[in-house]
Amino acid sequence: MSNTPTPPASERTEIKRVAVRGNYEREQLYSILDACYVCHLAFVQDGQPFSIPMLHWRIDDGLYLHGSPGSRSYRHLKSGAPIAVSVALVDGLVLARSAFHHSINYRSAVVLGQAQAIETPEEKSRALDTLVETVLVGRGSECRAPSEQELKMTGVLRISLSEASSKLRSGPPVDEEEDYDLPIWAGVLPIETKIGAPVPDPRMNAAQSLPDSLRTPKLRIK
């Protein structure tokens with residue numbers, strides 16, 4: 001097996017600042033995208049920059065988004081406008097001996113490209129089924145499938161992951177050599193996202209039992 005690092009897909013995705021933290025491996029990119037619930041979609045429309053938080057999901061080498069097909073932004077994205085998508089996970093606060101070297105441990109990814117609309121009802125239905133299963137494993141078989149009208153009211157976009165990069169930081173703080181003997185606590189304060197107890201809808205029948213997907217929930221956040 002070669003130890004040669006995977007090169008960036010393009011000059012646009014090459015990590016310039018602290019390049020050693022850059023990563024271009026597909027599996028690393030997939031794991032970061034899969035662990036996040038929300039991405040930030042950035043684009044320029046009529047000269048105005050926008051950055052919109054959106055739910056996303058991945059199928060193979062494509063990143064998927066959904067929205068109202070009648071909205072102005074959806075029509076703009078569908079036209080092939082250039083876009084950027086970013087995600088980030090914070091794994092810990094890095095507390096150094098000096099204020100300058102404080103940092104965070106993180107996993108992040110940026111995807112560049114254009115969106116392609118998923119048009120056929122069959123493809124759209126499969127993509128949205130995957131969305132439900134991605135949000136909570138097992139939930140798709142427990143809820144009602146979208147109606148024909150609901151599918152028409154939902155637009156689905158796919159963005160190729162062919163031009164993307166990841167950037168990560170992990171480990172302890174890196175201080176100036178002369179600061180290591182200072183009597184100051186230094187290290188990492190881990191940050192974790194935990195699952196809480198399910199809160200039932202007040203309009204639900206009180207006799208309704210907890211579904212299997214919530215007995216041992218498997219979520220995206222890792």
Ranked order, 130, 13 - accessible area, probe 1.4 Å, largest first: 130, 13
Near-label residues of segment 36-50 by backbone N, under 15 Å of a point 7 Å along Cα→Cβ of residue 73: 38-50
The chain accessible area per residue, 1.4 Å probe, protein heavy atoms, integer Å², reads 63
Ignoring ligands and nucleic acids, what accessible area does residue 41 show with a 1.4 Å probe (Å², nearest 10)? 0
Averaged over all viewing directions, the convex hull of the alpha carbons in segment 77-120 casts a projected area in nm² of 4.8
To one decimal place, what Kirkwood hydrodynamic radius in Å is obtained for the chain from all pairs of distinct Cα atoms? 20.2
Those GluC sites (Glu not before Pro) in segment 1-86 that DSSP places in a loop and that have at most 16 other beta carbons within 10 Å: 14, 25
Volume per residue (Å³) of the convex hull spanned by the alpha carbons of segment 108-222 is 193
Rg/Rh (Cα only; Kirkwood hydrodynamic radius) as it applies to segment 30-119: 1.08
Between segment 151-222 and segment 77-136, how far is it from one alpha carbon centroid to the other, in angstrom? 12
GNM, the chain, Cα, under 10 Å: largest mean-square fluctuation among 93, 63, 157? 93
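The values are calculated or read from the model by the stated rules, or taken from the named source; none is laboratory data. No experiment lies behind these values; they were computed from the predicted model shown. Neighbour counts are summed over all protein chains in view; Cβ atoms, including those assigned to glycine, are modelled from backbone coordinates with ideal geometry. Keep in mind that these areas ignore ligands, DNA and RNA; they rest on the heavy atoms of the full protein, side chains included. Shrake-Rupley method; radii C 1.70, N 1.55, O 1.52, S 1.80 Å.
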